[in-house]
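The values are calculated or read from the model by the stated rules, or taken from the named source; none is laboratory data. Nothing here was measured: the structure is a model prediction, and the numbers come from that model. Note that we place each Cβ from the backbone using ideal geometry, even for glycine, and neighbour counts take in every protein chain shown.
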Amino acid sequence: MMDRYIEQIISDIRLSRTYIKPPITELWESVDINNPNEVEDIAYIESGMANPVQLSEITGIETETLPVEEALSSIQKALLANELLALLHHYNFYPNFPEGYPDELKYAHLLMIWDNKYSPVSFGETQIEFCDFDSKNCPFGGYCDTCAEMEQELLNSRKADKDDGSFTPFPDELLPF
């Protein structure tokens, strides 16, 4: 029974990927689409002009139609995660996952953001972060070492500052005004 439901959702997701949102013409009239700098600049302006909207509304896939992860097998979660990622890419949204993060685990993260609001853009990329770069609360448990790398870079930078006679305190070492 669930397999048929998954097939129907995938069909709806793929249908949503056929829709192309027309750009705000005034902004894009004189832009050289082959110039990445121009596209990035205008996409940034466009995102600032657009009212944030829930991903579910942007994509046309309602949150209620997406099955809870407990009802799915690992294969079904991976399949849906990949279809949802392709859909988000179609609408210029790029969720950031660590390299090697299992597809079946991505599904839960995608469900968590599906009602979040973002500004739709015609071109460019809108990055979606899941991490607040706090190693104690890493959402990717054991699959990511970005926080540790950032902490090490900060320590190395601080050590280099001390070695050359300068000193840059950590934010928590600053005195409140």
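Of a type in the set (D, E, K, R), at pLDDT 80 or above, in contact with an Asp or Glu (Cβ under 9 Å, 6 or more places away or on another chain) and farther than 30 Å from residue 42 by Cβ: does that describe residue 104? Write out each step before concluding.
Values: of a type in the set (D, E, K, R): yes; at pLDDT 80 or above: yes; in contact with an Asp or Glu (Cβ under 9 Å, 6 or more places away or on another chain): yes; farther than 30 Å from residue 42 by Cβ: yes.
The answer is yes for residue 104.
Note on region 2-40: residues that are closer than 12 Å to residue 122 by Cα and modelled with pLDDT under 75 total 10. For first residues located in region 143-168 and assigned to a helix (DSSP H, G or I), partners that are at pLDDT below 70 and lie 6+ apart or on another chain with Cβ distances below 6 Å form the pairs 161/167; 161/168.
Just the residues that are at pLDDT 75 or above and of a type in the set (Val, Ile, Thr), please, taken from region 118-177. If the condition is that a residue be at pLDDT 75 or above and of a type in the set (Val, Ile, Thr), then 121, 126, 128, 146 are the ones that fit.
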